[in-house]
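The block underneath contains the structure these notes are about, expressed in structure tokens.
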Amino acid sequence: MKIYRARYGGVCFGVKRAIELALEAAKNTKPVYSLGPLIHNRIAVDKLRKRGIITVNKITDIRNKGRKVIIRSHGVHPRILARLRRRGFEIIDATCPRVRRAQRYVQKLIKEGYHVVIVGEKDHPEVKGLMGYAGKNAEIYSEQMKIKKRKIGVVPQTTLDLGHFNSAIAHLMERVIEMKIYNTICMATVLRINEAVRIVGKADAMLIVGGKNSANTARLYQVCKEHKPSYHIESAEEIALDWFKDAKSVGVTAGASTPRAQVDAVIKFLKKKFPH
Ligand code: SF4
């Protein structure tokens with residue numbers, strides 16, 4: 001079986017940086033608390049726990065004062081940062097520099113008097129953070145929104161699909177007089193999707209490796225399954241051999257929160273089961 005491995009796939013720069021910062025912090029003081037999973041990947045989170053990085057869902061779950069708390073690559077609402085400071089936690093801010101840039105653009109737009117429109121998933125932590133930096137003069141884009149302001153500033157979630165952003169811009173363009181756009185979509189996302197599209201054209205089936213709770217892995221899966229039989233797996237153990245009974249080739253890609261070792265394990269499994 002011919003295997004096509006995506007050139008762009010696996011952990012992105014921002015997630016890798018957050019993990020390195022957390023591991024560094026855990027060298028001297030354990031545990032280090034992460035507000036939400038540091039990476040949307042169950043297997044990787046389990047490994048991190050063994051190295052002293054504990055996931056909590058809210059600040060009140062952290063019992064001990066003076067402990068280290070890591071802010072994930074998504075960033076957080078500034079109110080959360082303020083609460084952590086008030087409670088005396090040592091903050092390790094692993095907000096991805098690209099997310100931080102989006103937060104700064106939001107603040108700039110507000111200062112310049114724009115009504116801010118964030119294009120993204122309303123429950124995504126990054127979007128919640130961006131809304132926090134915008135304050136009251138902001139809303140999340142939806143096709144149904146009533147646009148009352150004449151002057152709007154638009155910022156997308158860094159992992160937004162480019163096509164979705166383009167349609168939102170076209171929709172807004174017809175309804176306002178002045179619009180300022182900052183394109184903060186991260187190239188890590190664009191490259192992964194473009195590469196998946198390139199591979200899916202050549203392969204008979206696709207394997208998309210990554211956490212079931214990872215939005216960008218789920219998007220890669222959606223893109224692939226429109227073209228070829230595609231399977232979203234977290235590890236090689238989930239692979240059923242009859243998925244490939246009619247396939248002569250398989251493409252393997254991975255979301256921005258999938259460690260390289262998990263993709264290596266899938267490739268190794270395929271080479272062993274389909275040696276020719
Ligand atoms: S996808 Fe891009 S913006 Fe998001 S954490 Fe990774 S590098 Fe940063």
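The values are calculated or read from the model by the stated rules, or taken from the named source; none is laboratory data. Here the structure is a predicted model, which means the values were calculated and not measured. Cβ sites come from the backbone with ideal geometry, for glycine too, and all protein chains shown count toward neighbours.
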Original post:
Inside region 139-168, can you point out the residues that are part of a strand (DSSP E or B) and out of contact with any helix residue (DSSP H, G or I) (no Cβ under 6 Å at 6 or more places or on another chain)?
Top reply: Glu139, Ile140, Lys151, Ile152, Val154
**OP:** Residue by residue through region 87-120, note down the ones that are within 15 Å of the ligand (Cβ to nearest atom), polar (S, T, N, Q) and either part of a helix (DSSP H, G or I) or over 23 Å from Phe13 (Cα atoms) (or both).
**Re:** Gln103
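Conditions (1) modelled with pLDDT of 90 or more; (2) outside the structural domain of Gly132 (by TED's automatic domain parsing); (3) within 16 Å of the ligand (Cβ to nearest atom), marked per residue:
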site	(1), (2), (3)
Gln144	yes, no, no
Arg150	no, no, no
Thr158	yes, no, yes
His171	yes, no, no
Met179	yes, no, no
Tyr182	yes, no, yes
Original post:
Which residues, taken from region 1-34, are free of Cβ contacts under 8 Å to residues at least 24 places away in the same chain and surrounded by 15 or more Cβ atoms within 10 Å (Cβ to Cβ)?
Top reply: Lys16
**OP:** For region 68-82, name all the residues that are surrounded by 15 or more Cβ atoms within 10 Å (Cβ to Cβ), away from the ligand (no atom under 16 Å from the Cβ) and not in a strand (DSSP E or B).
**Re:** His77, Ile80, Leu81
Subject >> Enumeration of residues in region 185-214 that are surrounded by fewer than 16 Cβ atoms within 10 Å (Cβ to Cβ), within 15 Å of the chain's Cα centre (by Cα) and assigned to a loop (DSSP other than H, G, I, E, B) >> reply: Lys212, Asn213
**OP:** Please specify each residue of region 247-274 satisfying the condition of being in a loop (DSSP other than H, G, I, E, B) and either without any contact (Cβ under 8 Å) to a residue 24 or more places away in the chain or within 17 Å of Thr217 (Cβ to Cβ) (or both).
**Re:** Gly255, Ala256, Ser257, Thr258, Pro259
Original post:
Only one of these conditions is not met by Asn41: (1) in contact (Cβ under 8 Å) with a residue 24 or more places away in the chain; (2) away from the ligand (no atom under 16 Å from the Cβ). Which number is it?
Top reply: (2)
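For (1) in a helix (DSSP H, G or I); (2) touching a strand residue (DSSP E or B) at 6+ places or on another chain (Cβ under 9 Å); (3) of a type in the set (Ser, Thr, Tyr), each residue gets a yes or a no:
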{"site": "Ala170", "(1), (2), (3)": "yes, no, no"}
{"site": "Asn183", "(1), (2), (3)": "no, yes, no"}
{"site": "Thr217", "(1), (2), (3)": "yes, yes, yes"}
{"site": "Lys228", "(1), (2), (3)": "no, yes, no"}
Subject >> Test for Asp123: is it of a type in the set (Asp, Glu), assigned to a loop (DSSP other than H, G, I, E, B), more than 13 Å from the ligand (Cβ to nearest atom) and under 23 Å from Thr258 (Cα atoms) >> reply: yes
